[in-house]
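Reviewing the structure listed below.
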Amino acid sequence: MLSGPTNPLVSLTIDQAPLLNLADWFSDKLTHSAWQQDGNFIYTEQDGLRYYPLFLDFARTATSMDKVVDTIDLVNQVIATNKAKDMTLYTSGFIFHSAAITAQASFEMQLFGGLSLLGVLLLTFISFRNIQPLLCISLLIGSAMLAGMLALTLLFDTIHLLSLVFSVSLIGIAVDYGYHILLTAKHTGLRKQPLTKYIATAILVSGGTTLVSYLLLLLLPIPLLQQVAVFVAAGLGFTILTGLTLITHWPWHAQSKQTKIQTTNNQFAHPKQLIQPVKGFKVLLAVLIFSSLVTLPNWYFQDDINVFNSSPKHLLENEKIVNKIIGNQQYPRFIYTHGSNQQQLLERFEQIRRVIESHTQGEFELRGIDQWLPSINTQQQNCQWLLTGLEHQQLSTISTYIPAQTLTQLASCDTEFMTLKQVPEQVTALFPSITQKHDKTTGILSYMGPIDEVFLHSIQQQLDFPIYYFDQPAKFSSALTKLRTYILYFLAAAVVALLLLMTIRYGLIRGALLATLPIVTAFSSLALSHIILGYVTIFNLLGCILIVALSVDYAVFLREHGRQPHVIKAVGLSAATSGLAFGMFIFSSTPAILQFGLTILIGVFIAWLLCLMLPVSLLDKTKHAQ
């Protein structure tokens, strides 16, 4: 506190405003400020070491996601060049965490994306033992990603990094269509226009369903999800176009295993060659539905922002050290109020402090500029208290330690008062700035403890002016809750769209039964994710979007072409590549990416298992269940 003449900060300004907060200093029995002055700097001492705060101001553009890593790299270069050997540096502030998390996410996206792509290409080469299918798959993936990036660049000024992470799901869909085209060509001998005609229906039905599902994301007021929708929609559209034009007309000469086709229903004429389903479909479906429903009452949607914290350990340790040194002044919970001028604002700060301290008995610290700068009204009261004490010799025990010249200055305290302009910049930099806008002055107090609605209401009742409580973690968590609600609405709309499209194509009963497979797969994937993690987040829900898309692909191709060897193999390869691509995400140190990958990995396995067991009765086109 600016309350003692022996404090260097007080000495700096006492000739301008000798009163400061001396009465409080006397009352606290020689309590000194933890901060002292060293030239143009302030410092505090702990355990024989001096700690100097250095404040950095960054331009808004320097803290954007695409610039923040370069900004902190530049800061680190300056530090490395000028840092003394015996100096230890501790960093604090969101920009350091933002840079570290962005760099880590970018590294993981490149690493996992590169390994996944390598695995997909390797699996493709092993499956076909031919370089041409490898080129076809590479062309599909490349065209899909290029179209998605082009669409994002044209429609958005800035691109969210996480939108690219989640948009990588397009790889799984593009590869899925590629495998079906290539294996159909290999096993049927069809090429060019006949191949396009044979495969187009299945691709358009599954692709159309997926496209509609992703486009529904555009209805949500979340830029991140809108970017995912644009990326996947553009990439998916270009994938279908590329597949049905270039890939089906690819001039490769692999020997076909079957050439006789029954064109009336796109089924092979040799039913003995159809792969029979694995028994146990109804049992597995019942188990998945039952287990999901049993766990449903215990589902916990985790919207706490802290669960997504992926900051490196050394940055978190730095924050603890800095918070200890400066008294947790950066705790992200704030009380703010307005006044007609600075003096009224300081008076209101003092009233808020008295009310809160009367409730909490000072259990949690309330930090603000009023700790250093009392209002003029308080200064006048302190002055009167001081003059009375000096006049009646009530302060003789302490006044003997104060130089005579200082006592003379203190005796004239009723004519000079401290204002904000006279507080050293090193002090004001420790607190949020007091802002002036039109005829309103706004100031902020930082509170180191929790305030619930009941407590806030109790405080407000004892004040004759409004106060506002800003809890940054709670705001973030509230935003996540809102986002999760939007995603649930989207999934509900996607389910309705899926049922509608499937029933239009395959009839009411059979279409509804086929649509049940993606729904059960997504639902049970969430249930198993909840069992493993103990909670479900928005990123698990985002994983369900891709699960629904892949499950629809599997079901539609089986329904259109039957349980032919090349269809089963294409479904297996698609599941394997998707599991490979997204299964690696479970090794991510970024919680959001891990949650996303875990749900997809579980869902792909369940979808593949259900397809292996899918009864022939659901695939037989000769039977109509309307």
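The values are calculated or read from the model by the stated rules, or taken from the named source; none is laboratory data. Worth saying up front: this structure is predicted, and the values here are computed from it rather than measured. Cβ coordinates were reconstructed from backbone atoms using ideal geometry, including for glycine residues, and neighbour counts include every protein chain displayed. Accessible surface areas use protein heavy atoms only, side chains included; no ligands, DNA or RNA. Shrake-Rupley method; radii C 1.70, N 1.55, O 1.52, S 1.80 Å.
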Of the residues that sit in segment 492-511 and are touching a Gly at 6+ places or on another chain (Cβ under 8 Å) and not aliphatic (A, V, I, L, M), which one is nearest to LEU558 (Cα to Cα)?
-> ARG505
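Restricting to segment 325-358, count the residues that are modelled with pLDDT under 85 and closer than 14 Å to GLY449 by Cβ. So that I can check it myself, show each step before the final result.
Going through segment 325-358, the residues modelled with pLDDT under 85 turn out to be 325-334.
If we keep only those that are closer than 14 Å to GLY449 by Cβ as well, we get 327-329, 331-334.
Total meeting the criteria: 7.
Only one of these is out of contact with any Pro (no Cβ under 8 Å at 6 or more places or on another chain) and assigned to a loop (DSSP other than H, G, I, E, B): LEU121, LEU89, LEU117, LEU111. Name it. Steps first, answer last, please.
Details: LEU121 fails: assigned to a loop (DSSP other than H, G, I, E, B); LEU117 fails: assigned to a loop (DSSP other than H, G, I, E, B); LEU111 fails: assigned to a loop (DSSP other than H, G, I, E, B).
Residue meeting the stated conditions: LEU89.
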Which one of these does ASN130 not meet: (1) open to solvent by 40 Å² or more (accessible area, probe 1.4 Å); (2) within 26 Å of PHE587 (Cβ to Cβ)?
-> (2)
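Go through GLY443, GLY362 for me and flag whichever is under 25 Å from LYS475 (Cβ atoms) and of a type in the set (Gly, Ala, Ser). It would help to see each step written out before you state the result.
On the way: GLY362 fails: under 25 Å from LYS475 (Cβ atoms).
None of the others qualify; the one that does is GLY443.
When segment 292-319 is examined, which residues are found to be part of a helix (DSSP H, G or I) and surrounded by 15 or more Cβ atoms within 10 Å (Cβ to Cβ)? Talk me through it step by step, then tell me what you get.
To start, the set of residues in segment 292-319 that are part of a helix (DSSP H, G or I) comprises 292-298, 305-308, 313-319.
Those that are part of a helix (DSSP H, G or I) and surrounded by 15 or more Cβ atoms within 10 Å (Cβ to Cβ): SER292, THR295, ILE305, VAL307, PHE308, LEU315, ASN318, GLU319.
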Which condition breaks for PRO466 when tested against (1) at pLDDT 90 or above; (2) open to solvent by 20 Å² or more (accessible area, probe 1.4 Å); (3) over 20 Å from ARG333 (Cβ atoms)?
-> (3)
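For segment 208-223, enumerate the residues that are buried (at least 21 other Cβ atoms within 10 Å of the Cβ) and either out of contact with any Phe, Trp or Tyr (no Cβ under 7 Å at 6 or more places or on another chain) or charged (D, E, K, R) (or both). Reasoning before the result, please.
Going residue by residue through segment 208-223, those that are buried (at least 21 other Cβ atoms within 10 Å of the Cβ) are 209-210, 213-214, 217.
Matches in segment 208-223: THR209, THR210, SER213, TYR214.
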So how many residues does segment 448-463 have that are in a loop (DSSP other than H, G, I, E, B), exposed (fewer than 12 other Cβ atoms within 10 Å of the Cβ) and out of contact with any strand residue (DSSP E or B) (no Cβ under 8 Å at 6 or more places or on another chain)?
-> 1
Please state which of the following conditions ALA103 fails to meet, knowing it meets all the rest: (1) open to solvent by less than 40 Å² (accessible area, probe 1.4 Å); (2) under 19 Å from the mean Cα position of the chain (by Cα); (3) at pLDDT 85 or above.
-> (1)
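Any idea which of GLN564, GLN595 is polar (S, T, N, Q), in contact with a His (Cβ under 8 Å, 6 or more places away or on another chain) and either over 20 Å from LEU211 (Cα atoms) or surrounded by fewer than 24 Cβ atoms within 10 Å (Cβ to Cβ) (or both)? Can you show your working first?
Details: GLN595 fails: in contact with a His (Cβ under 8 Å, 6 or more places away or on another chain).
Only one candidate passes the filter, namely GLN564.
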Among (1) free of Cβ contacts under 8 Å to residues at least 40 places away in the same chain; (2) in contact with a helix residue (DSSP H, G or I) (Cβ under 9 Å, 6 or more places away or on another chain); (3) not aliphatic (A, V, I, L, M), the one test that PHE96 misses = (1)
Look through LEU541, LEU517, LEU445 and report the one residue that is crowded, with 17+ Cβ neighbours inside 10 Å and either more than 30 Å from THR295 (Cα to Cα) or touching a Cys at 6+ places or on another chain (Cβ under 7 Å) (or both).
-> LEU445
Screening THR158, THR81, THR91 for residues that are open to solvent by less than 40 Å² (accessible area, probe 1.4 Å) and modelled with pLDDT under 90 leaves only THR91
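Just to be sure, is ALA144 at pLDDT below 85, in contact with a Leu (Cβ under 6 Å, 6 or more places away or on another chain) and within 30 Å of LEU558 (Cα to Cα)?
Values: at pLDDT below 85: no; in contact with a Leu (Cβ under 6 Å, 6 or more places away or on another chain): yes; within 30 Å of LEU558 (Cα to Cα): yes.
So ALA144 does not fit the description; no.
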